[in-house]
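Input: a single structure, listed below in structure tokens.
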Amino acid sequence: RLLLLLHGPLERLPLELIELEGEPLDRWLTPLTLPGLPAAEPGSAPALARANGEPWVLAGDPVDNARKLPQLPGAREELALLGRLHPGSATLQRESFTLAGVRDALRGSGPLHIATHLIEECEHPDRTLAPASLLLTGGERLCTHDVAEIRPRSPLVVLSACATAEGRYLDAQGLGGMARAFLESGTRNVLVTLWPVEDRAAQAFAAAFHRALAEGDTPSQAARAAREALRRADWGPAAVGAFRVLGRD
């Protein structure tokens, strides 16, 4: 297990694609990344839903209210798959995927999986965080400043959207975006993407990741197992290297 404390441009480096003696890094060890967090509060362990008795909250699949059409069909398929893996999980999907509903979920203490779009703008941006937001039903948005205000302390949040690891740099603080808003609030682990990811790759990774968690893996071990599953399915490096766990396991 290798804990990588990255800062500055290194936060964007796809370390999971580095090879040692012709083999990917995570065939040698389990990488886990933590950016510098000058104002962080340590999150609570353990990270697995079954370990702390809290059910998963599966959220996403935003709907355009005017046309009553899904805005991200891949998210519906992803959440349906996860619902079968986690019987009894709570859901916030389609019409219930609202700002009020997501705010309530963030105030809980269980793990959360969100499948939607990331938008690089926000109406009331935080000065220290990038103006990014997660698209909700009816055009509502969950902004970085909303997360910082609620201060969710989940053991694990999966941000299944494009480039959720992104943000903007501040001197001496590193990359500030949606992931950092969760981590600085006390969320122990956040699964993010380094760049845009194709829908089918996201679904395949999510399925493998959640299966590994259910078998007892920590988040970093589960991410490692899911990347290996993508390799075996002949997904290229753009898919394999996109996913990263930020946190402490």
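The values are calculated or read from the model by the stated rules, or taken from the named source; none is laboratory data. Bear in mind the structure is a predicted one, so any value in this text is a computation, not a measurement. No Cβ is skipped: glycine too gets one built from the backbone with ideal geometry, and neighbour counts run over all protein chains shown. For accessibility, only protein heavy atoms count, side chains too; no ligands or nucleic acids. Shrake-Rupley method; radii C 1.70, N 1.55, O 1.52, S 1.80 Å.
Entry comment: accessible area of the chain is 43 Å² per residue, from protein heavy atoms only and a probe of 1.4 Å. Taking Leu170, Leu194, Leu106 in turn, the Gaussian network model of the chain (Cα-Cα springs below 10 Å) assigns the largest fluctuation to Leu170.
With a cut-off of 8 Å between alpha carbons and a minimum separation of six or more residues, what is the relative contact order of the chain in percent? Intermediate results must be reported in sequence, preceding the final value.
Details: 567 pairs, mean separation 55.0, N = 249.
RCO, the chain: 22 percent.
Distance between the pseudo-spin-label points of Glu228 and Arg211 (7 Å out from Cα toward the beta carbon): 1.3 nm. Net charge dipole, region 119-172: roughly 220 debye, given to the nearest 20, about the Cα centre with Cβ charges of +1 for Lys and Arg and -1 for Asp and Glu.
Take the Cβ-Cβ distance between Glu23 and Glu123 as r, set R0 to 51 Å, and report the resulting FRET efficiency rounded to the nearest 0.05. Present the calculation step by step, with values, prior to reporting the outcome.
Numbers: r = 46 Å, r/R0 = 0.91.
For Glu23 and Glu123, the calculated efficiency is 0.65.
Directionally averaged projected area (region 140-188, Cα convex hull): 3.7 nm².
Per-residue surface analysis assigns Thr218 an accessible area of about 40 Å², computed on protein heavy atoms at 1.4 Å probe radius. May I ask you to give the percent of accessible area on the chain that is carbon plus sulfur, with a probe radius of 1.4 Å? Answer for the chain: carbon and sulfur cover 54 percent of the accessible area. The figure for His117 is an accessible area of roughly 70 square angstrom, using a 1.4 Å probe on the protein chains alone. Residue by residue, region 102-107 carries 3J(HN,Hα) couplings of 5, 4, 4, 5, 5, 7 Hz when phi is fed to the Karplus relation 6.51 cos²θ - 1.76 cosθ + 1.60 (θ = phi - 60°); x denotes Gly or Pro.
Placing Val240, Val57 in order of accessible area, with the largest value first and a 1.4 Å probe, yields Val57, Val240. Within the listed set Ala75, Ala90, Ala206, the Gaussian network model of the chain (springs between alpha-carbon atoms below 10 Å) gives the highest mean-square fluctuation for Ala90. By a 1.4 Å probe calculation restricted to protein chains, His86 has an accessible surface near 30 Å², given to the nearest 10.
Of the Cα atoms belonging to region 50-203, the radius of gyration and Dmax stand at 14.6, 46 Å.
Sorting Ile18, Ile150, Ile114 on solvent-accessible area from highest to lowest, probe radius 1.4 Å, gives Ile18, Ile150, Ile114.
Counting only C-alpha contacts under 8 Å and six or more residues apart, can you give the relative contact order of region 45-168 as a whole percent? Provide the component values of the computation, followed by the final result.
Working: 242 pairs, mean separation 36.8, N = 124.
Relative contact order for region 45-168 comes out at 30 percent.
Ellipticity at 222 nm from helices only: DSSP H runs of n ≥ 4 in the chain, each -39500 (n - 2.57), divided by the residue count, give -8500 deg cm²/dmol.
Protein-only accessible surface at a 1.4 angstrom probe places the residues Arg188, Arg151 in the order Arg151, Arg188, largest first.
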